[in-house]
Amino acid sequence: MRTPAALLICLTLAACTGDRYAFRDGPDPLEPGRAAANRPVPPPTTGATPVEDFSRFSLAAPTGDKATSALFIEKLAPREARLNRPFDYKLRVTNLTSAVLTDVVVRERLPESFALTRSEPPVASAEGGWARYNLGELGPLAVRTIDVTGVPHAEGTLASAIAVDYKLATRTETSVVNPILKLTKAAPAEADICEGIKYTYVAANVGTGTERGVVLEDRLPEGLVTDDGKTVVKFDVGDLGQNSSREMVVRVKPLKTGTYAGFAVARATGGAEVKSNDVSTIVRQPALDVAVSGPAAEYLNKTATYTVTVKNTGDAPARKAAVILDTGGKGVVASATLDGAAPAADAAPRAPFNAPGVGDRAAAPPAAKAPAKLVGDGVEIGTIAPGESRVVTVAVRATAADGPLVVTARAIASCAAEVSAKATTNVLTLAALRLEVIDLDDPIRVGDEVAYRITVKNQGTGADSNLAVTVTLPPALKFAGSQGPTDAIAAGQTLTFAPLETLRPGDTAVWRVLAKATAPGDVRLEVRLKSDSLKDPAAETEPTRLY
């Protein structure tokens, strides 16, 4: 909208009466179609205001009221001018608004007796007695001044009219930004299959402005899944302001070993799409192998030594490795040493008497490095690096004779499948017979009878069979009778008892022999014992005095 306004100014060379004019919108009598105020009215609040030798003439356009107008125009001129001599005056234009005024034009109609010689800014055009000043754009509350110099060529009153045009404009601004989306992905070079792979994503805006509605997506390679079994990782990143970033972390689970490589993509609602760097992770897993060696045979209640070798055949460390021992209830783990230490001297096995298979043992292991920590029937062996082995030497005491002793070793470790191996040891028993003969009365009068008690006890760990007792009477004694688990056959001075089929460990067999004294003397009764366990007979004698 273009708004015109006009001001008529009277300037007297000898006696100026220019304070009799006010300004208002209306037809311009000097130029049809222009607004002007050229009629005398009572003195208003605006008008000529003497200041020393100068007068100030003002106009508020378009309403005449400065409080409601857009432009305020002032003319500052001397109260008097000398004929044919230059004099200066100013036109000052003020934007009263907080908006921009454009196409501001100030026009002044000069009297014919006045010659304009100079102005700043220069006159844009001068037609029909009107000097035109193009001020262009006037910013909010801005002030522009027009300096004018001229010469009056006639006495009297210099009357001029001022008109102003402008447009009210609204300034609009649009910021031009360039957000730049950047995405990085980080992963370890190696990982254990049980630990999973930790992916770290960083979405950043390294440009200007805000990148809105950012979404991250990572399609996992085959063999990787999230904790909830999905094959795609998604994050709603949201808006990323200028020079801002967001970090996101996820742990995925590998279903098998191997190499996993891939990248992620970030997209924004504005159409931006970026790809992250490629990352690659090798997933490894430990694998265990275990072997057990031990003696082929050992006696009951004696300690057998077993060597357990655990090897990591995988490509990752086997952490928290341990060996769990199981004897099936037929043995007790007495001690254990790590890295092949021999058991204590009191636990070393001793070979039975010419027992078959006893002594058929593996070569003695090397000296111990450290004692192993026993937890129940388990041995902690720590971490085993790929390709390395741990050797555990275990002493087991056989506690049952009702079958072989089977020692099973189970090897376990974090992230590794359990493996087991076993060794079988035949448990041997040994019959240990004790023979005792006593007379129940001593001395014996000739003609009386004497009773002898023969006792055989099995003090060993195994049963004995076919126990045969033979008694030889001295000449001064005559066989009178016998009692016992088997019958006796007398042949002269020799008594032969029928064999006792079995004598179990801890059992006792007792025979009694009755003889009559036939002559005085110091005599000896001899008893001999044979069995399957005794290759040579055992013999005992008992002295008796006859009188």
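Here, each number is a calculation from the coordinates, and none is a lab measurement. It should be emphasised that the depicted structure is a prediction, and the values quoted were computed from it without experimental measurement. Heads up, the Cβs are rebuilt from the backbone with ideal geometry, glycines too, and the neighbour counts pull from every protein chain shown.
What the table below lists for this structure:
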{"read-out": "Backbone N within region 66-100 under 15 Å of label point (7 Å from L141 Cα along the Cβ vector)", "value": "94-100"}
{"read-out": "Only Lys, Arg (+1) and Asp, Glu (-1) charged, at Cβ; region 166-286 dipole about Cα centre in debye", "value": "280 debye"}
{"read-out": "Full-stretch length increase - V332, S280 - with 0.36 nm per residue and alpha-carbon distance subtracted", "value": "13.7 nm"}
{"read-out": "Estimated distance in nm for a label pair at K90 and S113, the labels positioned 7 Å out from Cα along Cα-to-Cβ", "value": "2.7 nm"}
{"read-out": "Between region 99-153 and region 237-269, the alpha-carbon center distance in angstrom", "value": "67 Å"}
{"read-out": "Full-extension gain in nm, V406 to T170, via 0.36 nm per residue minus C-alpha separation", "value": "75.0 nm"}
{"read-out": "Selected from S420, P443, T408, residue furthest toward positive end of dipole (region 398-510; charges at beta carbon)", "value": "S420"}
{"read-out": "Burial ordering of R410, R85, fewest other beta-carbon atoms within 10 Å first", "value": "R85, R410"}
{"read-out": "Taking D439, D53, D315, D218 and counting other C-beta atoms within 10 Å, the order from fewest to most", "value": "D53, D315, D439, D218"}
{"read-out": "Calculated FRET value between K535 and E195, using beta carbons and R₀ = 51 Å, to 0.05", "value": "0.20"}
{"read-out": "Unsatisfied cross-links (Cα-Cα over 32 Å) in the set K302/K535; K234/K320; K330/K535", "value": "K234/K320"}
{"read-out": "In sequence order, calculated HN-Hα J values of region 384-397 (Karplus, 6.51, -1.76, 1.60; Hz; x Gly/Pro)", "value": "10, 6, x, x, 8, 10, 10, 10, 10, 9, 10, 9, 10, 9"}
{"read-out": "FRET E, pair D487, I324, Förster distance 56 Å, beta-carbon r, rounded to 0.05", "value": "0.50"}
{"read-out": "In range of the label at A432: residues from region 480-523 whose backbone nitrogen is under 12 Å from the point 7 Å along Cα→Cβ", "value": "506"}
{"read-out": "Distance (nanometres) between label positions extended 7 Å along Cα→Cβ at S245 and E449", "value": "11.4 nm"}
{"read-out": "Computed FRET value (nearest 0.05) for T97 with T208, which takes r as the C-beta separation and R₀ as 41 Å", "value": "0.80"}
{"read-out": "Relative contact order of region 435-505, defined on C-alpha pairs under 8 angstrom at six or more residues apart (%)", "value": "33 percent"}
{"read-out": "Radius 14 Å from Cβ of S245, net charge of other residues (Lys, Arg +1; Asp, Glu -1)", "value": "0"}
{"read-out": "Neighbourhood charge, 10 Å Cβ-Cβ cut-off, centred on A538 and excluding it, Lys, Arg +1 and Asp, Glu -1", "value": "+1"}
{"read-out": "Segment A124-K234, extension gain: residue separation times 0.36 nm, minus the distance between their alpha carbons", "value": "32.9 nm"}
{"read-out": "Cross-link reach list, aspartates and glutamates versus K66, counting only Cα pairs under 13 Å and skipping chain neighbours closer than eight places", "value": "E74"}
{"read-out": "Where Rh is the Kirkwood radius over Cα pairs, Rg/Rh for region 433-546", "value": "0.99"}
